[in-house]
1. How large is ³J(HN,Hα), in whole Hz, for each residue of the range 341-346 in order, when computed from phi with the Karplus curve 6.51 cos²θ - 1.76 cosθ + 1.60 and θ = phi - 60°, using x for Gly and Pro?
2. Would you mind telling me the share, in percent, of accessible area of the range 350-433 contributed by carbon and sulfur at probe 1.4 angstrom?
3. Is the range 350-462 rounded, prolate or oblate when judged by the Cα gyration tensor, a ≥ b ≥ c being the square roots of its eigenvalues, rounded requiring a/c under 1.5 and prolate requiring a/b larger than b/c?
4. Among 469-475, 291-297, what's the highest-first ranking by average C-beta atoms within 10 angstrom per residue?
5. Once a ≥ b ≥ c are taken as the square roots of the eigenvalues of the Cα gyration tensor of the range 150-249, is the result rounded (a/c under 1.5), prolate (a/b larger than b/c) or oblate (a/b not larger than b/c)?
6. Mean separation of Cα pairs under 8 Å and 6+ residues apart, divided by the residue count of the range 80-169: what relative contact order is that in percent?
7. Go through 401-414, 362-375, 92-105, 276-289 and give me the packing order, highest mean Cβ count within 10 Å leading.
8. Report the net charge of residues surrounding Trp497, where surrounding means a beta-carbon distance below 15 angstrom and charges are Lys +1, Arg +1, Asp -1, Glu -1.
Amino acid sequence: MEMAELVVVLNGGPAPDYGGGLTFSVVMSCLVAASGGLIFGYDIGISGGVSEMESFLKRFFPHVLKRMAEAKKGDNYCIYDSQALAAFTSSLYIAGLVASLVASRVTRVLGRQAVMLMGGAFFFAGAALTGAAINISMLIIGRMLLGLGVGFTNQATPLFVAEMAPPRWRGALTCGIQFFLTLGILIANIINYFTARVSWGWRVSLGLAGVPAVVIFAGALFLTDTPSSLMMRGQADRARAVLLRARGGVSAGVDAELKEISRTVKAALESEDGAFRWMTKRRGYRPYLVFAVALPVFTQLTGVIVLSFFSPLVFRTVGFGSDAALMGAIILGAVNMGSLLVSTLVIDRYGRKVLFMVGGVQMVICQVAIAWIMGTQLGKSSESAMARPYAVAVLVFTCLHSAGFGVSWGPLFWVVPSEIFPVDIRSLGQAVNMAICLGLDFVQTQSFLAMLCRFRYATFAYYAAWVAVMTAFVALLLPETKGIPLESMDMVWMRHWLWKRFVVQDERKSAGDAET
């Protein structure tokens, strides 16, 4: 049992500090990788605005325009209820779901850089096809290519940033993904605002998706893969060179960190063929499985994703005109950007759980306020128009809700999954995380307009209840991971009041098997 005790003591002791600061190599590599968020963000922002453009609807969904014209007067909740229109947005995410699962294996075999290049290429092809679309088939195929691009880039970029960043700066650097995602949304909303004025503006909006695709593809050409990825593919010398450059040439710290990476990679390779089986069946991996499922599910149930997609339509519902609704979406994007900058500054100082708590409470209050205003002003039948002050209040609370998300669940959705998984299931864990996320993106974007029509103002109370549940979940079950090296992350689970019952027992069993 001596070996078992040694494992527990090592994993339960203080986290090692390998040194290394924010070198130019680290910052540039992480920024280039994080720019992959532009792809996802631009698509989120562009879809809702294009869906409101009359010229776009006239060409591809004329029945929607006819239905809107024949809709019951004053039935504001149901004005955009169309499964065909929702499918334009949601079809992308089926392809993204498939791509994220395939990308798990490709990422392990070819590395993070190769997957980013593939994602950029797919997204560029999709942008070209949707911008030039002349029929529904071209539009949907183009959207599926965009989905492949989103699936591949969202699989690789969080892993790349987390594995390159020094532990003390990992949270802030990984927030860069959400920063670029938010920037993509803001840029898309601004483009929609101006292109909505011309009949062919929707082509510009959709075609310009090729620009963020070129950014990530060209940037990835100049990246080298991460030390962990290189070690997994047997390139130890190259892994050391990359790590030495990233850590500013401090060889002592690099040697210690590389030794730990080598240890974890060796364990990963020994269990490579059983990663899925380990994560789903092995008791010690139960915490990772729970969070691989819970984090994307709860992130989707904040309601922010569908509000980002359909904010122009929601603002039209409460009484804003077309231009004002698009401007409201721009304001929403700017607020989200500002809140994300705040999160980036404090995430490595105050930790992950504090931000989860603050953002969760803020989102609950705002969702309840929106539900109350819409319930009292529009009621169940929405036969009367909402007075302008109340419409403005809905915009304000929507922005505050987005700010709460931007401080907490927005960036932490990328940060936490990228750092909690051990290296042997890190790629798989990220794939499961993104597959569930993209699958729920499909479900929610396909169902939100119908849900708004049927649930009406209670839609926002529904999301508020889920945010309350997930805030309590995080408070009780998520350990703090601030400043912990990836290779020593198992210690945070071993100190947790619940998860230590799973992880410590599994560590002892593994050590006993090794001794035998």
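1. 4, 4, 4, 4, 6, 10
2. C and S atoms contribute 73 percent here.
3. oblate
4. Final packing ranking: 291-297, 469-475.
5. Note, shape of the range 150-249 comes out prolate.
6. Normalised by residue count, the contact order of the range 80-169 is 40 percent.
7. Highest to lowest by the protection proxy: 401-414, 92-105, 362-375, 276-289.
8. It works out to a net charge of +4.
The values are calculated or read from the model by the stated rules, or taken from the named source; none is laboratory data. Everything numeric in this text was worked out from a predicted model, so none of it was measured. Cβ atoms come from the backbone with ideal geometry, glycine included; neighbour counts cover every protein chain shown. To get the accessible areas, we keep the full protein, side chains included, count just its heavy atoms, and leave off ligands, DNA and RNA. Shrake-Rupley method; radii C 1.70, N 1.55, O 1.52, S 1.80 Å.
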